[in-house]
1. Show the residue pairs that are 6+ apart or on different chains and have beta-carbon atoms under 8 Å apart, the first residue being within the range 292-321 and closer than 19 Å to D245 by Cβ and modelled with pLDDT under 95, the second being in a loop (DSSP other than H, G, I, E, B) and open to solvent by 30 Å² or more (accessible area, probe 1.4 Å).
2. Looking at the range 117-139 only, could you name the residues that are surrounded by 19 or more Cβ atoms within 10 Å (Cβ to Cβ) and at pLDDT 90 or above?
3. Of the residues that make up the range 161-184, is at least one under 30 Å from R326 (Cβ atoms), in a loop (DSSP other than H, G, I, E, B) and out of contact with any helix residue (DSSP H, G or I) (no Cβ under 6 Å at 6 or more places or on another chain)?
4. Check the range 227-240 and report whether any residue there is more than 30 Å from R256 (Cα to Cα) and assigned to a helix (DSSP H, G or I).
5. Among the helices (runs of 4 or more DSSP H) confined wholly to the range 278-373, which include 1 or more residues that are more than 22 Å from P266 (Cα to Cα) and in contact with a strand residue (DSSP E or B) (Cβ under 9 Å, 6 or more places away or on another chain)?
6. For S198, work out the one condition from (1) hydroxyl-bearing (S, T, Y); (2) under 30 Å from N167 (Cα atoms); (3) surrounded by 15 or more Cβ atoms within 10 Å (Cβ to Cβ) it doesn't fulfil.
7. Evaluate the range 238-256: report whether one residue or more is touching a Lys or Arg at 6+ places or on another chain (Cβ under 8 Å), touching a residue at least 12 places away in the same chain (Cβ under 8 Å), crowded, with 21+ Cβ neighbours inside 10 Å and of a type in the set (D, E, K, R).
8. Is it the case that T228 is touching a helix residue (DSSP H, G or I) at 6+ places or on another chain (Cβ under 8 Å), more than 30 Å from G373 (Cα to Cα) and among the hydroxyl-bearing types (S, T, Y)?
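The values are calculated or read from the model by the stated rules, or taken from the named source; none is laboratory data. Treat the numbers as computed from the prediction; the structure is a model and nothing was measured. When we count neighbours, we look across all protein chains shown, and the Cβ atoms used for this are built from the backbone with ideal geometry, even at glycine. Please note that ligands, DNA and RNA were not included when accessible areas were found on the heavy atoms of the full protein model with its side chains. Shrake-Rupley method; radii C 1.70, N 1.55, O 1.52, S 1.80 Å.
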Amino acid sequence: MSRSRDAATPAEPIAPPPRTNPDLVGHDTAEAELRRLFGSGRMPHALLLSGPRGIGKATLAFRLARFVLAQSTGEGAGPALFGDETSAAGLAIPPDSGVFRRVASGGHADLLTVERAYDPRRRRLRGEIVVGDTREIGTFLRLTPAEGGWRVVVVDGADEMNRNAANALLKILEEPPRRALLLLIAHSPGKLLPTIRSRCRRFPLAPLTPTIVGALLHRYRPELDAETAATVTALAEGSIGRAFDLAAADGVALYRAALTLLSREPGIDPAALHAFADRLARSEAEEAYRVVEAAVSQLLAQLAKASAGSSGEPEALPERGAVLRRLGGRAPAARWAALRGEIEESFARTDALNLDRKQTILGAFFAIERAAG
């Protein structure tokens, strides 16, 4: 029986989801360190994998989970001593192995995955991980390992737990059972309780290089023309997950539409903004809504840099460069940075409470205009 808490079955993905992905690119240093820790017998009971969304944190977590679980069956490469040449194999195990297949199907009895559950009433993922999800970890860890080895829990993402869920997880981290490994994935680790962070070994992962993002985009979306692929790669800022989202939702056009609203000298045209927000609030516009959510956050971060006098990289979109030049100097960097946090919190609250998405979009754009004064 599977102990995975997967959401409803999604549509066919562009690339393999983390659970089934045999490849990991761009994080060789972190992988080598994890292999060294396990081989030395000093693997911490809890690891915090952090970094921007869509860079491969979950892929690394499941790669490590498979490797650890394979040790009890002899299907892995086995723990290597430091300096041994087998350490070059990293954490990979054969994709045709039983452990790999059981993890991929969600059927490994010694692996529990905790993530935002699907809400059938709202027909989308919940906005947060709730206490019932994390309490299940305690029940799972009290069981005898089915395969006589390790038990592994993947929490994706830990920064999406509500307060009660976080407190339930903290109790487990305070007294972890033997031969249990908790892998916490966090896009914004600062949102976690400090007491949770202090009980984990932190592994911050860096964004992928443009070369890697471009290569993966070409591999999985070869139909994109060169200009679009280059623009998507630049806008993705090191996140292949964001690049896939942009490609799927015609994200370049969405960026341009958002920038057009903010580039109007007399100020935002209310009628045009309402039409834009109506489009994003439709139930079938989930991908487009998420792209604009990320675009607004990204723009505000760059406005803060522009206000502070940082020229940054050449602009992927001329329209964004024009908006940065027009608005960047109209408010201090601290105000743009604070507004970014406020708007991100507004989007998160909308998800958690199922609020009106149109009002969230309207509020974000009008707040930018007010800050520009």
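1. Q298/E237; Q302/G312
2. I129, D133, T134, I137
3. Here is the first cut: in the range 161-184, the residues under 30 Å from R326 (Cβ atoms) are none.
No.
4. We begin by selecting, within the range 227-240, every residue more than 30 Å from R256 (Cα to Cα); these are none.
Within the range 227-240, not a single residue is more than 30 Å from R256 (Cα to Cα) and assigned to a helix (DSSP H, G or I).
5. Numbers: elements: 286-307, 318-327, 333-353, 357-372.
In the range 278-373, 286-307, 333-353 are the helices (runs of 4 or more DSSP H) which contain 1 or more residues that are more than 22 Å from P266 (Cα to Cα) and in contact with a strand residue (DSSP E or B) (Cβ under 9 Å, 6 or more places away or on another chain).
6. That leaves (3) as the condition not met.
7. Scanning the range 238-256, I find at least one residue that is touching a Lys or Arg at 6+ places or on another chain (Cβ under 8 Å), touching a residue at least 12 places away in the same chain (Cβ under 8 Å), crowded, with 21+ Cβ neighbours inside 10 Å and of a type in the set (D, E, K, R), so the answer is yes.
8. In short, yes.
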